Amino acid sequence: MRQKIVAGNWKMNNTLDETKKLIKELKKELKSVKLKKDTRVIIAPTFVNLLTATKKTKKTKIEVAAQNMHQAKNGAYTGEISAEMLTSVGVKTVILGHSERRTYFNETDKLLTEKVNTALENNLEVIFCFGEQLEDRNSENHFKVVESQLKNALFHLKSEDIKNIILAYEPVWAIGTGQTASADQAQEMHAFIRGLFASEYSQELADTISILYGGSVKPNNAEEIFSKPDVDGGLIGGASLKAKDFSAIVKAI
Ligand code: 13P
């Protein structure tokens, strides 16, 4: 059975005090929620608050991920954070390839290949983000774009490494815009993605990969999106910053 996952990408939000407050509220909201087997809840605060987050969520159902990581082991890379630094503060998962990293920080497929390799070598699970721009969808190139993003950054991996990859399909036009993909659009793309993994690896492996949808998931649309057979959860931006909204989305999984 593949895992169902609701992950909150906090992006560049929340000071230390706000992080503590939101975690406290989330713990309260989620206390009475009985998660089904193989269901996970993850939050991704900013780097400086990761240690606090891992401490505050110990022995709870909330896991902590980082939002990014540098590809090198260590060295003269002023301002960067290594995989080993993340694991040393109790982080087990890292988000890589977010469209904001690709757009504002020029992260390419080639760079992401290196980051994915480094993360896996350091036993970090990866939430790998990808998705097409609006013009790709309008010109009906969205399948091609997604296929090349996956091929370029992931298909060099061995089957056993794929087990540590969570996919997050985030159409760029749906991120932070309030314009979510319809449940059918999400399902269509997720089925296509699973098909790619089936042909590159095996149907058996493809059936075990969790594919999350991200882009304007809110309490009022989560249930419909999550009801689709190839949608295994969501990567949530804005709505993950409010305990009540994020918990409502968790309850929808
Ligand atoms: P929103 O939920 O704010 O659209 O953001 C989605 C996202 O980018 C999650 O990584």
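The values are calculated or read from the model by the stated rules, or taken from the named source; none is laboratory data. Since we're looking at a predicted model, the values are computed, not measured. Heads up, the Cβs are rebuilt from the backbone with ideal geometry, glycines too, and the neighbour counts pull from every protein chain shown.
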*Residues of the stretch 1-41 being at positive phi and in contact with a Pro (Cβ under 9 Å, 6 or more places away or on another chain), which ones?*
N14
*Can you find even one residue in the stretch 57-67 that is exposed (fewer than 15 other Cβ atoms within 10 Å of the Cβ) and of a type in the set (D, E, K, R)?*
yes
*So which residues in the stretch 235-249 are in contact (Cβ under 8 Å) with a residue 60 or more places away in the chain and within 15 Å of K27 (Cβ to Cβ)?*
S240, A243, K244, F246, S247
*Residues being acidic (D, E), under 14 Å from L51 (Cα atoms) and in contact (Cβ under 8 Å) with a residue 60 or more places away in the chain - total across the stretch 62-112*: 0
*Enumerate the helices (runs of 4 or more DSSP H) found wholly within the stretch 182-250, keeping only those where 3 or more residues are surrounded by fewer than 17 Cβ atoms within 10 Å (Cβ to Cβ) and out of contact with any strand residue (DSSP E or B) (no Cβ under 8 Å at 6 or more places or on another chain).*
183-200, 203-206
*Any chance the stretch 30-39 includes a residue that's modelled with pLDDT of 95 or more and within 13 Å of I236 (Cβ to Cβ)?*
no
*From the residues in the stretch 3-20 that are surrounded by 14 or more Cβ atoms within 10 Å (Cβ to Cβ) and assigned to a loop (DSSP other than H, G, I, E, B), which one is nearest to the ligand (Cβ to nearest atom)?*
K11
*asked:* So W173 ticks every box in (1) closer than 24 Å to N123 by Cα; (2) within 12 Å of the ligand (Cβ to nearest atom); (3) hydrophobic (A, V, I, L, M, F, W, C) but one. Which box is left unticked?
replied: (1)
*Tell me which residues, restricted to the stretch 75-132, are among the polar types (S, T, N, Q) and at negative phi.*
T78, S82, T87, S88, T93, S99, T103, T108, T113, N117, T118, N122
*asked:* Condition first: out of contact with any strand residue (DSSP E or B) (no Cβ under 6 Å at 6 or more places or on another chain) and basic (K, R). Can you find one or more residues in the stretch 60-69 that meet it?
replied: no
*Identify the single condition in (1) within 15 Å of the ligand (Cβ to nearest atom); (2) under 25 Å from E18 (Cβ atoms) that I225 does not satisfy, given that it satisfies every other one.*
(2)
*Is there a residue being of a type in the set (S, T, Y), assigned to a helix (DSSP H, G or I) and at pLDDT 95 or above anywhere in the stretch 49-59?*
yes
